[in-house]
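Asker: Sharing a structure below in structure tokens format, with a few things to ask.
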């Protein structure tokens, strides 16, 4: 048994529980992933997303030929039991409804942003001749220590970073369709690759 797998975020839908309450969930295409390599310390490499051989470089292609599998676009290491073999397929049924999982992905990139959007600053006065509506204001000192301290909340690049959602619940699993329904914050836009691990 592998403790996680690679998936692709498909989007959000509504499902209804036993009481008829609507719940917003994220649909993830989880696998199927193929075991490419067994490593030390009970780890395996999983591959996801088929790709043409002509799109691969020779070192990467050689790794797949050694494993006797088709080439894959995404490769990721996960912990696994020793009974897992190279070439074995991992499907969404490793998860069960009610499981808590950790989801890792890349957040949406939003480009360069000011302090009000990036750090939720309140902004300056809007009236009485003020020209400081959305600027950060004073950031340093006068004579000593004459520098801006590291970690100061300033304008800069927002999003496009690795984000971990530590506690996401599995509501439904459809192994025949390779789909799992997750309740909680799943980072990234539609079509983003996410890594799902059991807690």
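Asker: If I take all pairs of Cα atoms in segment 61-135, what percentage of them are more than 13 Å from each other? Write down the numbers at each step before the final one.
Answerer: On the way: 2293 of 2775 pairs.
Of all Cα-Cα distances in segment 61-135, 83 percent exceed 13 Å.
Asker: While we're looking at this one, here's another question. How would you classify segment 114-158 from its alpha-carbon gyration tensor, with a ≥ b ≥ c the square roots of the eigenvalues: rounded for a/c under 1.5, else prolate if a/b is greater than b/c, otherwise oblate? If you can, show how the numbers build up before the last one.
Answerer: Numbers: a/c = 3.51, a/b = 1.31, b/c = 2.68.
It is oblate, given that a/c is not under 1.5 and a/b is not larger than b/c.
Asker: Treating the angle as unsigned and between 0 and 90°, give the value, to the nearest 10°, between the Cα long axis of helix 58-67 and the longest Cα principal axis of the chain.
Answerer: Tilt of helix 58-67: around 40 degrees.
Asker: For a footprinting-style exposure proxy, rank 19, 79, 130 by other Cβ within 10 Å, fewest first.
Answerer: Working: 19 5, 79 14, 130 10.
Listing 19, 79, 130 from fewest to most nearby Cβ atoms yields 19, 130, 79.
Asker: Give me the mean projected area, in nm² to one decimal, of the convex hull enclosing the Cα positions of segment 1-118. Walk me through the intermediate numbers first.
Answerer: Values: hull surface 46.1 nm².
So the mean shadow area of the Cα hull is 11.5 nm².
Asker: Relative to the compact globular guide of 2.2 N^0.38 Å, what is the alpha carbon radius of gyration of segment 133-187, as a ratio? Before the final figure, lay out each step's value.
Answerer: Details: Rg = 21.5 Å, N = 55, 2.2 N^0.38 = 10.1 Å.
Ratio of Cα Rg to 2.2 N^0.38 Å: 2.13.
Asker: Please arrange 116, 1 by how many other C-beta atoms lie within 10 Å of their C-beta, fewest to most. Walk me through the numbers before you get to the answer.
Answerer: Working: 116 16, 1 10.
Arranged by neighbour count, lowest to highest, 116, 1 become 1, 116.
Asker: Here's a follow-up. Using only the C-alpha atoms of segment 14-58, find the volume of their convex hull and express it per residue in Å³.
Answerer: Values: hull volume 6.8 nm³, N = 45.
Expressed per residue, the convex hull around the Cα atoms of segment 14-58 is 152 Å³.
Asker: When 75, 36, 23 are ordered from fewest to most other Cβ atoms inside 10 Å of their Cβ, what list results?
Answerer: On the way: 75 18, 36 22, 23 12.
The order, fewest Cβ neighbours first, is 23, 75, 36.
Asker: Right, here's the next one. How compact is the chain by the rule of thumb for globular proteins, expressed as Cα Rg over 2.2 N^0.38 Å?
Answerer: Numbers: Rg = 22.7 Å, N = 199, 2.2 N^0.38 = 16.4 Å.
Here the Cα radius of gyration is 1.38 times the empirical estimate.
Asker: Hey, another quick one. Taking segment 86-199 on its own, what percent of its Cα-Cα pair distances exceed 19 Å? Each step should come with its number before you reach the end.
Answerer: Numbers: 4154 of 6441 pairs.
Counting every Cα pair in segment 86-199, those more than 19 Å apart make up 64 percent.
Asker: How would you rank 104-111, 139-146, 42-49, 9-16, highest first, on the average number of other Cβ atoms within 10 Å across their residues? All intermediate terms of the calculation are to be shown ahead of the outcome.
Answerer: Details: 104-111: 14.8, 139-146: 8.2, 42-49: 19.9, 9-16: 12.5.
Output ranking for 104-111, 139-146, 42-49, 9-16: 42-49, 104-111, 9-16, 139-146.
All of the numbers you see were taken from the coordinates with simple rules; none came from a lab. It should be emphasised that the depicted structure is a prediction, and the values quoted were computed from it without experimental measurement. With ideal geometry, Cβ positions are generated from the backbone for all residues, glycine too; neighbour counts draw on all protein chains shown.
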